[in-house]
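A short write-up of the structure that comes next.
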Amino acid sequence: MFSLKGQKALVVGVANEHSIAWGCARALREQGADLAITYLNEKAEQFVRPLAEEIGAEIIAPLDVSEDAEMDALFAQISEKWGRLDTLLHAIAFCPAEDLHGRVVDCSRKGFATAMDISVHSFMRMVRRAEPLMANGGSCLTVSYYGSVRVMENYNVMGPVKAALESTVRYMAAELGDKDISVNALSPGPMKTRAASGIAEFDKMMDDVAERAPTHQLTKLEDVGAYAAFLASPSARNVTGCVHMIDGGFHIMG
């Protein structure tokens, strides 16, 4: 029903072949998009570069979102090589372990600030840099989780952080809509990713979701990738400001 042939897409957050960002990058490429893929640092590069090369990424660059200079360099490279950007996919989140594993009420000021900066404000900084490259419209996507609206055991302070991310999606969607730039969040069910491995008793959470979801299936990378590819397409440009649940219907159950 749609093609991304000739579209230019930046994917941030690939860590390995189990990453949500990797599933999305693969789907975008399968629909014809040209890709820019980032890696966190030299240690991560050895895992990310082979994946990026496997799907023919035209730009492979370092990006630590806490470093403004690296973000500026990345967008300058995109501007120089492509002159535009059609899709931005932000799939990163972080919270220091000592704050992630404790009660929300005990979260340190520094830990909360770090989680908000890496998980939320980095998306805002990227969208701000992407905006002038989306003169003909575009799609900005991020990744959330159901713990933003319901208390999920052991998700802890990432619940409030993801709630802030989803609110940011709505406000940016309202601000950028007249430029034909959509802003959306993908909200998959629990998946075995490196980020998820930091959550206590995560296997128990996945078992519970599989049991209670109407489909009795866990979300797959392919599910998220297919949804991301659709939202990246011009066909979905009038869909904006939404949190798209991809969890086998788990969120509808009482």
**OP:** Filter region 1-36 for residues that are assigned to a strand (DSSP E or B) and closer than 19 Å to F94 by Cα and give the result.
**Re:** V11, V12
Subject >> Hits in region 58-74 - residues which are part of a loop (DSSP other than H, G, I, E, B) and touching a residue at least 12 places away in the same chain (Cβ under 8 Å) >> reply: E58, L63, D64, V65, S66
Original post:
What tally of residues in region 13-38 results from selecting those that are in contact (Cβ under 8 Å) with a residue 60 or more places away in the chain and over 21 Å from K220 (Cβ atoms)?
Top reply: 0
**OP:** Considering only region 133-187, state which residues are out of contact with any Gly (no Cβ under 6 Å at 6 or more places or on another chain), among the β-branched types (V, I, T) and assigned to a strand (DSSP E or B).
**Re:** T142, V143, V183
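Quick check on this structure: which one of P96, P50 is more than 28 Å from N136 (Cα to Cα) and touching a Ser or Thr at 6+ places or on another chain (Cβ under 7 Å)?
Values: P50 fails: touching a Ser or Thr at 6+ places or on another chain (Cβ under 7 Å).
P96 is the lone residue from the list that is more than 28 Å from N136 (Cα to Cα) and touching a Ser or Thr at 6+ places or on another chain (Cβ under 7 Å).
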Original post:
Are any of the residues in region 233-252 in contact with a Leu (Cβ under 7 Å, 6 or more places away or on another chain), more than 30 Å from A97 (Cβ to Cβ) and touching a residue at least 60 places away in the same chain (Cβ under 8 Å)?
Top reply: yes
**OP:** Answer yes if at least one residue in region 11-28 is among the basic types (K, R) and out of contact with any Asp or Glu (no Cβ under 7 Å at 6 or more places or on another chain), and no otherwise.
**Re:** yes
Subject >> Leading residue by the ranking (surrounded by the most Cβ atoms within 10 Å (Cβ to Cβ)) among those in region 190-211 that are touching a helix residue (DSSP H, G or I) at 6+ places or on another chain (Cβ under 6 Å) and at pLDDT 65 or above >> reply: P190
Original post:
of a type in the set (A, V, I, L, M, F, W, C), surrounded by fewer than 23 Cβ atoms within 10 Å (Cβ to Cβ) and over 19 Å from the mean Cα position of the chain (by Cα) - does that describe any residue in region 81-93?
Top reply: yes
Original post:
How many residues does region 237-254 contain that are under 29 Å from A174 (Cα atoms) and out of contact with any strand residue (DSSP E or B) (no Cβ under 7 Å at 6 or more places or on another chain)?
Top reply: 5
Original post:
Do any residues in region 42-57 that are at positive phi have Cβ atoms under 8 Å from those of residues that are surrounded by 15 or more Cβ atoms within 10 Å (Cβ to Cβ) and at pLDDT 95 or above, where the two are at least six apart or on different chains, and which pairs are they?
Top reply: G56/R29; G56/L35
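If I go through region 79-114 residue by residue, how many of them are part of a loop (DSSP other than H, G, I, E, B) and within 27 Å of N184 (Cα to Cα)?
First pass over region 79-114, keeping only residues part of a loop (DSSP other than H, G, I, E, B): 82-86, 91-96, 101-103, 107-108.
If we keep only those that are within 27 Å of N184 (Cα to Cα) too, we end up with 82-86, 91-96.
Matching residues across region 79-114 total 11.
The values are calculated or read from the model by the stated rules, or taken from the named source; none is laboratory data. What you see is a predicted model; the values in this text were computed from it and never measured. FYI the Cβ positions are ideal-geometry reconstructions off the backbone, even for glycines, and counts take in every protein chain you see.
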